[in-house]
Every structure is written in C-alpha cells, then in structure tokens.
1. Is there a residue in segment 417-424 that is of a type in the set (Gly, Ala, Ser) and under 26 Å from Asp234 (Cβ atoms)?
2. Under 7 Å between Cβ atoms, which residue pairs at least 6 apart in sequence (or on different chains) link something in segment 198-216 that is outside any loop (DSSP other than H, G, I, E, B) with a partner that is open to solvent by 60 Å² or more (accessible area, probe 1.4 Å) and among the basic types (Lys, Arg)?
3. Report those strands (runs of 3 or more DSSP E) wholly inside segment 522-584 carrying at least 2 residues which are closer than 30 Å to Pro84 by Cα and touching a residue at least 24 places away in the same chain (Cβ under 8 Å).
4. Can you confirm whether Ala381 is under 20 Å from Ala562 (Cβ atoms) and touching a Cys at 6+ places or on another chain (Cβ under 6 Å)?
5. Pick from Leu67, Leu61: which is modelled with pLDDT of 95 or more and under 27 Å from Leu652 (Cα atoms)?
6. Return a yes/no flag: does segment 580-594 have any residue that is modelled with pLDDT of 95 or more and in contact with a Cys (Cβ under 8 Å, 6 or more places away or on another chain).
7. Hey, does segment 343-365 have a residue that's free of Cβ contacts under 8 Å to residues at least 40 places away in the same chain, open to solvent by less than 70 Å² (accessible area, probe 1.4 Å), in a helix (DSSP H, G or I) and farther than 15 Å from Ala235 by Cβ?
8. Consider Gly311 carefully, then state whether it is open to solvent by 50 Å² or more (accessible area, probe 1.4 Å), at positive phi and either of a type outside the set (A, V, I, L, M, F, W, C) or touching a strand residue (DSSP E or B) at 6+ places or on another chain (Cβ under 7 Å) (or both).
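The values are calculated or read from the model by the stated rules, or taken from the named source; none is laboratory data. Source: prediction; values computed, not measured. As a convention, Cβ positions derive from the backbone with ideal geometry for all residues, glycine included, and neighbour counts pool all protein chains shown. These accessible areas exclude ligands, DNA and RNA; they are computed on the full protein's heavy atoms, side chains included. Shrake-Rupley method; radii C 1.70, N 1.55, O 1.52, S 1.80 Å.
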Amino acid sequence: MPANQAHDDVWIPTVCNLCFSFCPIRVHRVDGVVVKIEGNPDDPQTQGRICAKGQSGINILYDPGRLNYPVKRTNPEKGFGVDPKWQRISWEEALTTIVERLGKIRADDPRKLLLFVGVTSLNYSSVPQSFTMAFGSPNWNFSGAGVHCAAAKHFIGCLNNAAWVCWPDFDYCDYFLNFGGVPVGTGAYYANNAAARKMAEARARGMRHVVIDPYRGMAAQSCDEWIPIRPGTDAVVALAMANLLVNEYHLYDREFLEEGTNAPYLVGADGRYVRGQDGKPQMWDEVESRAKPYDAAFQKIALEAEPVIDGQKASTAFLLISEHLKRYTPEMASEISTIPADTIRRIAREFGEAARIGSTIELEGNTYPYRPIAVGLFRGASAHKHASLNAMALELLGALAGVRATPGAYPGLNARSLGHPDTGLPHYSPKVGLDGMLETGRWVIPPGQPWPPVYPEKPDDVGLCKLSPASWGQSSLHTIVPQDPARYGIDYAPEFAFTMNTNIVMSVANPKQVGELFRKVFTVNFNIFLDETTEFADIVLPDTCYLERLDIEADWLANQGARGYWSYPIRQPVVEPVGEQRQVPEVFLEIADRLGMRADLNMVLNGYFGFREGYQLEPDRRYTVEEIADHRYRSWFGDKFDLAWFKKNSLLTWPRKAEEIYWDPH
C-alpha cells in the first residue's frame with residue numbers, strides 16, 4: 001500500500017466503466033482499500049443513483065484471478081483449451097519484443113498492423129486508435145459489442161436523427177411504443193440510470209407504455225400493455241401500421257414530410273431521383289406547375305404529384321411509398337407476426353392520435369412542433385437479417401408523425417452542442433448535406449460516419465469498409481479477410497494485432513473462424529483476466545481496472561441522456577494498481593516514442609481531439625495521459641477548468657438548451 005493511502009478515509013469521485021452508461025460515481029477508500037461504490041450526488045443526470053452492477057466494481061478490482069504481470073507464450077500451438085504455457089516476463093522484455101516487430105512492419109508495410117478495441121474502452125481508445133493511424137494502418141476496429149450491438153440502429157439513427165441513438169423524451173412523452181430489445185425497458189441503451197428514473201416519472205404522470213416483444217422481459221414488466229410477437233417480424237408490423245396511418249387513417253404530418261424529408265422528391269421510372277441540369281434532386285411546385293431544385297423557393301411543394309418531365313413520367317417519393325405500403329395489410333402482418341389484425345389497427349390509431357399532429361409547445365421562448373410519441377428500438381429489431389431495413393421501417397412510423405428532435409418524441413443523444421457558456425466548445429450541429437440529406441455534426445467513431453456515403457472503391461483495409469457506402473463506420477470483416485486477403489483483393493497479409501478490452505473471438509462471429517486469424521498473426525492482448533482470446537495471444541499485458549486509471553475522455557456521449565444537463569465527469573484512479581498493471585494509453589505513448597513516432601502521433605491526437613490553437617500538442621514533446629487530458633479540458637472549457645480542477649470538483653455540468661435538444665427547427 002502506498003504511504004499516502006495508509007490510514008486514510010476518503011471519498012474519491014470517478015466514473016463507472018461496467019457498461020456504456022458511464023455513470024459518475026464516488027468511491028470510499030479506507031486505509032488504501034476500496035470498501036464502497038455509490039452514485040455521485042453532484043451529477044444532475046443520475047442524481048446520485050447507481051445500479052447493482054456499478055456497486056459490484058469492487059469485485060473486479062480485487063478479483064484473485066486478475067492478471068498482475070506480463071506473460072508470453074512458450075507453447076507455439078494456439079487453440080481453444082490449449083495451454084499457452086505462459087511464462088512471466090518483464091515489461092521491458094515485452095516492450096522490446098513489441099517494438100522490434102512493429103519497427104520491421106512499419107518499414108515494410110504499416111497496413112499489416114491490426115487494432116481491435118472493445119466498445120466500453122472508447123474512453124481510452126483515442127490513443128491506441130491515433131497510434132494506429134499515425135503508424136500508417138487503416139485497420140482498426142471497435143469490436144467489443146460484436147453480436148449484441150444494435151449497429152443497424154446507429155446507421156438509421158444517423159440518417160434520420162443525426163445521432164448515434166435516440167432516447168425517449170420522457171418529460172413530455174404521452175405514448176411510448178417499445179419494440180422490446182432494451183434490457184431496462186426504457187427504450188434507451190445508454191444513460192440507463194437516468195432513463196429508468198425518467199421513465200418512472202413519466203408513467204406516474206400517465207404516459208402509456210406499449211411493448212411489442214417476443215418475451216415478457218424487463219420491458220414488458222413495466223408496461224401498460226404487452227403484445228407478444230414472432231421474433232424477427234417487427235418490420236411487417238411497422239409497415240402495416242404505416243399503411244394504416246397513410247392510406248386509411250390519414251394521420252400523418254404533411255407539413256413535416258414536405259419541408260423536412262425527401263418525400264416530395266421526384267423519382268423516375270428507374271427508381272432514382274429526377275435531377276436537374278445542376279445535378280440536384282427535383283421537386284414539383286403545384287402553383288407554378290414545374291419541377292425545381294429541392295433547395296429553390298417554392299410557392300407550394302407537391303407531396304403527391306405524377307408529372308411528365310422530358311417525356312418521362314415521374315412520381316413523388318411519398319406516392320411511391322404510399323402505394324408500396326398498401327401490400328402490408330393488418331391481416332398480412334398478423335399472419336406473419338401472430339399479432340391480431342384488430343390489435344395492429346388499434347395500436348396504429350392510438351399511435352397516430354397520440355402524436356397530436358399539428359400541435360405546438362412553447363419552450364424557452366421558442367415554438368416547437370409537439371409530438372408526444374416515441375418508438376423504442378434497439379437490439380431487439382437489429383438481431384436479425386435485414387436489420388437496417390427493420391430499423392428503417394420502425395423509424396418510418398416516427399417520420400410520418402413528424403418526429404425529428406421534437407418535444408415528446410425521441411431526440412437523438414447529443415446531436416447538437418452549442419458548447420460551454422465560457423467558450424462555446426465543443427460546438428457541433430447537424431447540417432444539410434449531399435442532396436439535401438441530413439448530415440451529422442458529430443459521430444461517435446471518428447473519422448467515419450454513415451452519411452454522406454463513401455463511394456465504393458478498391459479497399460486497402462481488411463474491413464473492406466470502402467465497399468460499404470452505407471455503414472455506421474465499422475466492419476465485422478476485420479477478422480475474416482486477413483485469413484485469405486488475396487481472395488478479397490487485398491495485397492498484403494496482416495502480421496501483428498493489438499486487442500484490448502474485448503474477448504473478440506467470442507463476440508463477433510463463429511469463434512473457431514475468428515480464432516484462425518489469431519493463429520496466424522502475432523498478437524498482443526491487453527487484459528485484466530485470461531480469457532478465450534488470450535489463448536490465441538503471444539504476449540498478454542496486464543491492463544488497469546477502471547478504478548486504477550485516469551482516462552482522457554470518460555464522457556464520450558457527454559454524458560448521455562438526450563436532455564437535462566451536459567455532464568463532463570472525470571475518471572481518475574482511486575487506488576494504485578494491485579500488481580504491475582499499466583494503463584493502455586501510456587503503453588502506446590511509450591511504444592510510439594521507442595519507434596520514433598512521437599511527432600506523428602501528436603499530430604494525429606491534435607486532430608482527433610480538435611485541440612484549438614494554443615492547446616495543441618508540440619511535435620517533439622512526450623506527453624503523459626494526464627497532460628493530454630489537461631489539454632483537452634483547457635482547450636474545450638478554458639484554463640480555469642484544467643485537470644486539477646476536475647480532480648477536485650469531479651465533473652463540469654451546465655443545462656442543455658432547448659435549441660440543442662430540439663435542434664431541427666433551428
């Protein structure tokens with residue numbers, strides 16, 4: 001025990017890291033030993049609450065099975081259940097081996113380096129990812145969520161809401177249609193602590209919660225009505241409801257569809273936009289009886305038109321989708337989904353009427369469309385083939401009702417930020433992009449985002465991401481293509497892989513198939529335990545527990561929740577490592593230094609964090625993780641909010657503005 005921790009009795013603020021929610025916590029340390037974890041009462045989002053899992057972090061910190069020192073493989077055979085015959089080594093031997101191999105690879109072809117990072121390590125992956133980019137490799141992958149991720153929701157959420165995910169606006173929502181799949185039943189996969197409280201408050205004031213889910217899980221246990229459904233048939237029910245809203249009940253927001261979507265865009269017989277000489281998609285002006293670019297001034301936009309242009313018949317996208325929806329009758333959907341047709345009709349009408357189409361609400365001096373309906377979808381609708389189409393069908397329900405960043409509905413998580421009151425940073429906002437489509441202001445996984453699309457070209461990365469124009473930014477092929485790169489047109493074979501905070505052989509595909517990759521490449525695994533993936537590693541390095549380290553960004557969704565407060569907490573160590581553990585970013589900083597990459601890495605980090613002038617990292621200076629964190633805080637919030645301030649005060653918060661949450665009218 002360090003001398004400064006002997007005979008102490010202190011509470012230390014930090015941030016949980018046992019799920020995606022990253023709740024601010026405070027940890028009670030007595031005589032150098034953690035004895036209790038509880039929520040941080042200074043956090044306005046969680047209000048000092050924390051779940052049972054968060055309280056159990058002590059068990060990880062003091063687990064007797066933790067890896068406490070570096071080890072290397074002495075058995076050349078790799079495989080499940082095969083004893084690697086680990087031999088303890090020093091950090092110096094481990095780093096010397098790593099640097100020697102990486103130096104040869106960088107001189108030969110830096111693309112031969114792979115990086116696999118777990119999603120819950122987004123808080124410290126900035127340095128490993130920046131290292132990989134500075135090294136010269138395009139081959140990095142966030143893989144930890146694997147088969148339990150709802151990637152389709154991320155993709156569709158970006159296209160429709162400019163956000164990673166959406167969150168029901170429980171303060172104003174009256175009708176929550178929840179297509180299951182969210183463990184805590186709130187429709188939010190993030191900020192679960194705050195979401196559970198907000199949902200309880202909403203239900204207490206009368207919000208109706210309808211759950212469509214194959215089994216009576218947590219969502220169905222906290223609802224007004226549970227409707228069982230055959231697994232994987234969510235889309236047909238959503239399309240049947242959309243058919244009813246459009247073609248029978250006529251409950252849809254015409255103004256929103258005309259002004260805020262591509263529903264009025266003219267489509268030719270080939271299924272593509274009708275474009276003018278300037279290449280822009282065309283819409284029809286009913287008063288002038290002519291086609292005009294989508295961004296021109298219109299006297300009256302036609303939502304339903306079938307003009308003849310240059311001798312060719314065209315149709316608005318809305319007419320096409322209206323006709324397409326007619327095949328999805330409640331009876332057809334009932335046969336496929338097992339939900340009674342009368343129930344589908346009733347739920348569709350309830351949903352459409354609850355949307356209060358045409359109503360408005362006054363907030364902070366602004367008038368907003370008021371749509372107190374939310375559609376919950378995440379893992380449940382994504383765990384099937386055609387997941388993106390499932391998510392698209394469900395999002396269509398909201399679009400028809402006029403939902404996008406509107407009070408009462410399901411605004412996106414932090415799609416717009418006007419920044420801290422002192423600096424206006426960080427500042428980002430959705431904007432009009434290619435063809436008038438919505439483009440995000442910020443995307444969780446830099447530098448990629450689903451829109452605008454990447455036009456297909458011959459890929460040079462083993463994820464073949466350049467062949468996926470519509471993607472949320474990552475690919476599961478990183479573990480498959482390297483095993484036979486020539487088959488996929490890749491002219492190199494990876495030789496070295498870093499893996500961290502992910503049991504990747506068990507989480508992205510057939511474990512035996514994924515394991516074959518790590519048989520072929522030299523693998524360095526950062527871990528706190530030995531698991532299935534370490535059975536394929538050549539060197540395993542002991543990682544720190546989240547209670548033993550400082551992270552540069554433990555606020556990757558700042559700090560989640562779609563409304564309320566911006567909250568930037570600090571994750572800082574509450575105890576010293578129990579063994580020879582080192583935090584991953586510091587290890588990568590040292591490797592970069594030994595490889596002579598210091599200037600390259602600092603340049604990439606400047607871009608990654610968007611450090612403003614005066615706070616950028618100098619090319620030839622070696623920085624610690626603490627110094628980089630200090631640069632980030634001061635660059636964004638000003639010099640008075642430096643790392644020392646955060647260590648003392650634990651978190652920086654300020655109220656979100658209505659125009660940040662409900663950004664669309666702005």
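1. Among the residues of segment 417-424, not one is of a type in the set (Gly, Ala, Ser) and under 26 Å from Asp234 (Cβ atoms), which makes the answer no.
2. These pairs meet every condition: His209/Arg203.
3. Strands (runs of 3 or more DSSP E) meeting the threshold: 522-527, 539-542.
4. It is false that Ala381 is under 20 Å from Ala562 (Cβ atoms) and touching a Cys at 6+ places or on another chain (Cβ under 6 Å).
5. After applying the criteria, what remains is Leu61.
6. yes
7. No, segment 343-365 contains no residue that is free of Cβ contacts under 8 Å to residues at least 40 places away in the same chain, open to solvent by less than 70 Å² (accessible area, probe 1.4 Å), in a helix (DSSP H, G or I) and farther than 15 Å from Ala235 by Cβ.
8. Answer is yes for this residue.
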